[in-house]
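Notes follow the structure.
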Amino acid sequence: MVFGAAVRPDGSPSPTLARRIAFAAAAAARYVDADLFCSGAKGTHGPSEASVMADVLAETVDRSRIHLDEASVDTLQSVVAATAFARAGQYAQCMICTDGYHQPRIRMLFAMLGMPASAIHVPHGGSRRYQLKMRTREAAAIPYDLVAGISAIWRRKRAG
């Protein structure tokens with residue numbers, strides 16, 4: 001499961017997205033039977049985050065292993081889509097390819113949905129200021145996604 005990040009105005013991956021793509025490619029080389037699920041809708045610029053990831057990954061990974069989620073616009077939607085994909089494919093777990101500051105929230109959401117997940121270590125990139133900004137954002141997002149995740153689970157149980 002490769003989580004998206006910004007796409008530059010010229011359609012190329014941002015440094016964050018490029019870092020995630022590189023680690024996903026390395027994981028794909030190591031786990032040759034695993035599929036890659038790239039998640040991320042179209043943002044402010046260029047094509048969808050998922051399609052940018054797929055195009056770069058296809059340089060070293062067979063396209064048949066790459067699956068796109070171009071509808072998810074946030075982390076919760078991406079985790080819900082990845083869980084559905086994993087269950088449909090009868091996968092035992094999801095491997096998370098995202099920056100370290102993002103992993104605790106994603107692991108929490110997968111756990112809430114009952115899908116085992118392990119993290120692929122992606123070293124932090126960017127300056128100390130950037131890291132502080134991202135960690136602060138994640139600290140605020142964890143309680144938000146906890147409530148949103150519980151609400152999503154509750155709605156699904158009521159519907160079904």
### Task
Being surrounded by 13 or more Cβ atoms within 10 Å (Cβ to Cβ) and aliphatic (A, V, I, L, M) is the filter; apply it to the stretch 118-141 and report the residue that is modelled with the lowest pLDDT.
VAL122
### Summary
Within the stretch 78-102, residues open to solvent by less than 80 Å² (accessible area, probe 1.4 Å) and in a helix (DSSP H, G or I) come out as SER78, VAL79, VAL80, ALA81, ALA82, THR83, ALA84, PHE85, ALA86, GLY100, TYR101, HIS102
### Message
Being free of Cβ contacts under 8 Å to residues at least 24 places away in the same chain, closer than 13 Å to CYS38 by Cβ, open to solvent by less than 30 Å² (accessible area, probe 1.4 Å) and not hydroxyl-bearing (Ser, Thr, Tyr): is that true of ALA54 here?
### Response
yes
### Query
Does ALA152 meet the test of being out of contact with any Phe, Trp or Tyr (no Cβ under 6 Å at 6 or more places or on another chain), open to solvent by less than 40 Å² (accessible area, probe 1.4 Å) and in a helix (DSSP H, G or I)?
yes
### Query
Only one of (1) open to solvent by 70 Å² or more (accessible area, probe 1.4 Å); (2) not in a helix (DSSP H, G or I) fails for MET115. Which number is that?
(1)
#### Entry: Candidate set from the stretch 2-42 (those that are of a type in the set (Lys, Arg) and touching a residue at least 24 places away in the same chain (Cβ under 8 Å)); member that is surrounded by the fewest Cβ atoms within 10 Å (Cβ to Cβ)
ARG8
#### Entry: VAL73 closer than 24 Å to ALA152 by Cα, open to solvent by 30 Å² or more (accessible area, probe 1.4 Å) and assigned to a helix (DSSP H, G or I)
no
### Query
Any residue in the stretch 85-105 that is free of Cβ contacts under 8 Å to residues at least 60 places away in the same chain and farther than 26 Å from ALA29 by Cβ?
yes
### Summary
Scanning the stretch 57-70 residue by residue, those of a type in the set (D, E, K, R) and either open to solvent by 50 Å² or more (accessible area, probe 1.4 Å) or touching a Lys or Arg at 6+ places or on another chain (Cβ under 8 Å) (or both) turn out to be GLU59, ASP62, ARG63, GLU70
### Task
Given the conditions (1) at pLDDT 85 or above; (2) surrounded by fewer than 20 Cβ atoms within 10 Å (Cβ to Cβ); (3) among the basic types (Lys, Arg), report the number of the one that ARG105 does not fulfil.
(2)
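The values are calculated or read from the model by the stated rules, or taken from the named source; none is laboratory data. Here the structure is a predicted model, which is why all the values come from computation and not from measurement. Glycine gets a Cβ as well: all are built from the backbone with ideal geometry, and neighbour counts include every protein chain shown. Surface accessibility is based on the protein's heavy atoms, side chains included, excluding ligands, DNA and RNA. Shrake-Rupley method; radii C 1.70, N 1.55, O 1.52, S 1.80 Å.
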